[in-house]
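Report on the following structure.
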Amino acid sequence: MKQKIIHTNDAPSAIGPYSQAIVVGDFIFTSGQIPLLPNGEFLDSDIKAQTHQVCENLQAVLEAAQSDLTHTVKVTVYLSDMCYFSEFNEVYAKYFSHKPARSTVAVKQLPKDSKVEIECVAVKK
């Protein structure tokens, strides 16, 4: 199986031993993105600002893989607390208006104490 590792400087580098994304055939599998700025600085802010940054990071990674958010088919969302669900959805809906399949899970803790992490599967344009 042929795989292509995706890396772009327009999104933060991985903070562990993984890639920003992997392309297999026409599918793009992103790693989870947290609210890091492209320079790696953590955006310690409210859930709306963090969600916006995470979506911008995902967009940059998908563009580097010849796709974009509108070609996303599956999204997995991790929230540090379900109390963020409504505010998260307000921002999320602006980026994913085509309503891909999605799972949202509350977790005990995320890297860097982020409030949100998102990973997705997309197809090439």
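The values are calculated or read from the model by the stated rules, or taken from the named source; none is laboratory data. Keep in mind it's a predicted model, so treat the numbers as computed, not measured. Using ideal geometry, Cβ is built from the backbone for each residue, glycine included, and neighbour counts are taken over all protein chains shown. Quick note on the areas: whole protein, heavy atoms, side chains included, nothing else; ligands and nucleic acids left out. Shrake-Rupley method; radii C 1.70, N 1.55, O 1.52, S 1.80 Å.
Within the range 1-16, can you find the residues that are open to solvent by 60 Å² or more (accessible area, probe 1.4 Å) and either touching a residue at least 40 places away in the same chain (Cβ under 8 Å) or not small (Gly, Ala, Ser) (or both)? Show your work before the answer.
Filtering the range 1-16 for residues open to solvent by 60 Å² or more (accessible area, probe 1.4 Å) gives 1-5, 7, 9-10, 13, 15.
Scanning the range 1-16 gives 1, 2, 3, 4, 5, 7, 9, 10, 15.
Collect the residues in the range 90-125 that are in a strand (DSSP E or B) and touching a residue at least 40 places away in the same chain (Cβ under 8 Å), keeping them in residue-number order. Walk me through it before giving the result.
Residues of the range 90-125 in a strand (DSSP E or B): 101-106, 116-123.
Across the range 90-125, the qualifying residues are 116, 117, 118, 119, 120, 121, 122, 123.
Okay, residues lined up against (1) of a type in the set (A, V, I, L, M); (2) within 19 Å of residue 4 (Cα to Cα); (3) over 11 Å from the mean Cα position of the chain (by Cα):
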{"site": "39", "(1), (2), (3)": "no, no, yes"}
{"site": "47", "(1), (2), (3)": "yes, no, yes"}
{"site": "67", "(1), (2), (3)": "no, yes, yes"}
{"site": "77", "(1), (2), (3)": "yes, no, no"}
{"site": "82", "(1), (2), (3)": "yes, no, yes"}
{"site": "92", "(1), (2), (3)": "no, no, no"}
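Go through the range 18-46 and report how many residues are outside any strand (DSSP E or B), surrounded by fewer than 22 Cβ atoms within 10 Å (Cβ to Cβ) and not polar (S, T, N, Q). Steps first, answer last, please.
Taking the range 18-46 as the starting set, the residues that turn out to be outside any strand (DSSP E or B) are 18-20, 25-26, 31-32, 34-35, 37-41, 43-46.
From the residues that got through so far, the ones that are surrounded by fewer than 22 Cβ atoms within 10 Å (Cβ to Cβ) too are 18-19, 25-26, 31-32, 37-41, 43-46.
Still in the list and also not polar (S, T, N, Q): 18, 25-26, 32, 37-38, 40-41, 43-44, 46.
The number of residues fulfilling the criteria is 11.
Please list, ordered by first then second residue, the pairs with beta carbon atoms under 7 Å, 6 or more apart or interchain, first in the range 71-89 and closer than 14 Å to residue 109 by Cα, second open to solvent by 50 Å² or more (accessible area, probe 1.4 Å) and in a helix (DSSP H, G or I).
79/85
Mind checking whether some residue in the range 92-105 is open to solvent by 50 Å² or more (accessible area, probe 1.4 Å) and under 17 Å from residue 43 (Cβ atoms)?
No, every residue in the range 92-105 fails to be open to solvent by 50 Å² or more (accessible area, probe 1.4 Å) and under 17 Å from residue 43 (Cβ atoms).
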